[in-house]
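For reference, the structure discussed in these notes is given below.
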Amino acid sequence: MKCVHFGAGNIGRGFVGLLMHRSGYEVVFADVAAPLIDALASTPSYTVHEVGAGSRDTVVDGYRALNSADDPEAVVAEIATADVVTTAVGAHILRFVAPLVARGIAARPDGASPVAVMACENALSATDLLAEAVRAEYPGDDLDRRAVFANTAVDRIVPQQDGGGLDVVVEQFHEWVIDRTPFGGQEPAIEGATYVDDLVPYIERKLFTVNTGHAACAYFGYRAGRHRIAEAIADPAIRERVAAALAETQALLVAKHGFDDREHGRYVAKILERFANEHLPDTVERVGRAPLRKLGRHERFVGPAAELAERGLGTDGLRAAMAAALRFDPADDPEAVRLGEILDTLEPADAVREVTGLDAGHPLFAPVEDLVADAVRERRG
């Protein structure tokens with residue numbers, strides 16, 4: 001069995017590549033980063049260090065590495081004989097991967113089993129985005145017979161790495177949930193993956209719990225002068241604020257998707273403990289990076305808060321996190337700089353529309369406008 005994986009970075013090596021290796025697949029990494037690909041191609045193995053209580057090391061070997069910019073034909077040839085194609089490149093990069101995926105699928109022998117294509121990105125329905133881009137590039141009319149596209153939800157904290165080597169430090173917890181419905185009962189065997197009939201609840205559970213909580217911890221921590229995420233969540237006041245935001249997203253997820261309230265409460269408690277892992281060196285500035293994206297209409301704060309407001313439910317905890325995000329101002333973060341420019345130049349109502357995409361008639365609009373006005377007053381002294 002063979003998996004062609006686009007994206008040889010820390011998540012590619014420390015999550016997807018690791019699980020595919022454990023599942024018995026030969027992993028072929030494809031990436032445009034020449035130094036990284038050269039290092040992989042010249043090194044027989046790397047080690048994934050899963051840290052925390054009961055930590056373990058896993059040696060990943062038997063892989064190959066290809067430069068998809070310098071040798072696209074080799075990547076196409078690998079896809080033509082692959083069982084699975086995965087990505088961990090960032091949702092905005094999928095359109096650049098699509099032409100090679102399309103050509104590789106078109107080159108598959110007649111009668112070959114369909115290749116499973118899954119985008120393992122931190123975005124809603126990322127595989128749908130990839131499938132759309134592949135379809136636009138595909139030369140024939142038999143794509144649906146040659147490939148199966150399945151959305152996934154992935155969750156593993158892979159912090160910024162020190163040293164620049166191939167070894168990867170990751171947390172022990174991981175979750176890879178895959179929509180089984182496109183496979184018609186022929187799902188790929190992947191150790192550690194969970195197949196479900198309805199992926200949307202699990203995507204939102206992860207986005208509105210892990211991503212919401214992680215970013216909230218970063219923004220509250222930044223305001224309190226904390227450096228690392230573990231330091232921030234160890235502060236009782238910050239932990240209480242993060243927990244308050246997640247209590248609200250829990251209320252939404254239970255009401256919307258029917259999750260068991262007690263079980264979800266245990267899930268939230270597990271997430272908070274993950275943030276407290278002292279072995280993970282994640283900083284509040286790295287996790288909080290790109291506040292404009294994180295304050296987007298369907299993202300981790302405004303998305304659940306908007307739905308809660310529509311249901312007449314409370315949003316105080318999420319709005320407190322938004323208020324902290326509005327004050328996130330590292331000078332080396334272009335989005336933080338742009339956010340400051342918006343607050344300095346636009347009226348609060350216009351800033352709300354620009355940053356969050358909320359309509360003026362939405363029940364969350366006025367409360368967020370108040371948050372923006374407070375942030376503007378603070379900036380102007």
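The values are calculated or read from the model by the stated rules, or taken from the named source; none is laboratory data. Quantities reported herein were computed from a predicted structural model and do not represent experimental measurements. Positions of Cβ are backbone-derived with ideal geometry, glycine not excepted, and every protein chain shown enters the neighbour counts. To get the accessible areas, we keep the full protein, side chains included, count just its heavy atoms, and leave off ligands, DNA and RNA. Shrake-Rupley method; radii C 1.70, N 1.55, O 1.52, S 1.80 Å.
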> Failed condition for residue 11, given (1) open to solvent by 20 Å² or more (accessible area, probe 1.4 Å); (2) modelled with pLDDT of 95 or more; (3) hydrophobic (A, V, I, L, M, F, W, C), with all others met?
Replying inline: (2)
> Do you know which of the residues in segment 109-122 that are in a loop (DSSP other than H, G, I, E, B) and buried (at least 18 other Cβ atoms within 10 Å of the Cβ) is farthest from the chain's Cα centre (by Cα)?
Replying inline: 114
> Across segment 139-162, what is the total count of residues that are over 22 Å from residue 2 (Cα atoms) and not acidic (Asp, Glu)?
Replying inline: 8
>> I'd like to verify a number: residues in segment 13-37 that are in contact (Cβ under 8 Å) with a residue 24 or more places away in the chain and in a helix (DSSP H, G or I), how many?
In response: 13
> Counting only residues that are in a loop (DSSP other than H, G, I, E, B) and either at pLDDT below 95 or aromatic (Phe, Trp, Tyr) (or both), how many does segment 79-99 have?
Replying inline: 1
>> Condition first: open to solvent by less than 30 Å² (accessible area, probe 1.4 Å) and either within 16 Å of residue 122 (Cβ to Cβ) or touching a residue at least 24 places away in the same chain (Cβ under 8 Å) (or both). Now tell me which residues in segment 226-243 satisfy that.
In response: 229, 230, 232, 233, 242
> Are any of the residues in segment 334-353 within 26 Å of residue 229 (Cβ to Cβ), among the small types (Gly, Ala, Ser) and assigned to a loop (DSSP other than H, G, I, E, B)?
Replying inline: no
> Within the set of pairs 6+ apart or on separate chains, which have a first residue in segment 151-171 that is under 17 Å from residue 60 (Cα atoms), a second that is of a type in the set (Ser, Thr, Tyr) and open to solvent by 20 Å² or more (accessible area, probe 1.4 Å), and C-beta atoms under 7 Å apart?
Replying inline: 166/43; 167/47
> Based on what the data block shows, is residue 102 among the small types (Gly, Ala, Ser), open to solvent by 10 Å² or more (accessible area, probe 1.4 Å) and either farther than 29 Å from residue 303 by Cβ or in contact with a strand residue (DSSP E or B) (Cβ under 6 Å, 6 or more places away or on another chain) (or both)?
Replying inline: no
>> Just to check your reading of the model, which residue among 350, 359, 333 is out of contact with any Ser or Thr (no Cβ under 6 Å at 6 or more places or on another chain) and closer than 12 Å to residue 291 by Cα?
In response: 333
> Tell me, which residue of segment 169-225 that is in a strand (DSSP E or B) and of a type in the set (D, E, K, R) is least open to solvent (accessible area, probe 1.4 Å)?
Replying inline: 171
>> Checking residue 133 against (1) farther than 26 Å from residue 50 by Cα; (2) at pLDDT 90 or above; (3) open to solvent by 30 Å² or more (accessible area, probe 1.4 Å), only one condition comes out false. Which one?
In response: (3)
> Restricting segment 272-291 to residues that are over 21 Å from residue 49 (Cα atoms) and buried (at least 19 other Cβ atoms within 10 Å of the Cβ), which is farthest from the chain's Cα centre (by Cα)?
Replying inline: 284
> When segment 45-57 is examined, which residues are found to be surrounded by 10 or more Cβ atoms within 10 Å (Cβ to Cβ) and of a type outside the set (D, E, K, R)?
Replying inline: 45, 46, 47, 48, 49, 51, 52, 55
> Of these, 255, 269, 247, which one is part of a helix (DSSP H, G or I), touching a Gly at 6+ places or on another chain (Cβ under 8 Å) and surrounded by fewer than 16 Cβ atoms within 10 Å (Cβ to Cβ)?
Replying inline: 247
>> Looking at segment 62-78, can you tell me whether even one residue there is open to solvent by 20 Å² or more (accessible area, probe 1.4 Å), part of a loop (DSSP other than H, G, I, E, B) and within 25 Å of residue 169 (Cα to Cα)?
In response: yes
> Taking only pairs six or more apart or across chains, which ones have beta-carbon atoms under 7 Å, a first residue in segment 82-99 that is surrounded by fewer than 16 Cβ atoms within 10 Å (Cβ to Cβ), and a second residue that is assigned to a helix (DSSP H, G or I)?
Replying inline: 95/133
>> Given the condition among the acidic types (Asp, Glu), under 23 Å from residue 118 (Cα atoms) and either in contact with a His (Cβ under 9 Å, 6 or more places away or on another chain) or modelled with pLDDT of 95 or more (or both), answer yes or no: does some residue in segment 220-237 qualify?
In response: no
> Can you tell me which of 144, 128, 162 is part of a loop (DSSP other than H, G, I, E, B) and either charged (D, E, K, R) or open to solvent by less than 40 Å² (accessible area, probe 1.4 Å) (or both)?
Replying inline: 162
>> Which count do you get for residues in segment 298-343 that are open to solvent by 50 Å² or more (accessible area, probe 1.4 Å) and either at pLDDT below 95 or aromatic (Phe, Trp, Tyr) (or both)?
In response: 1
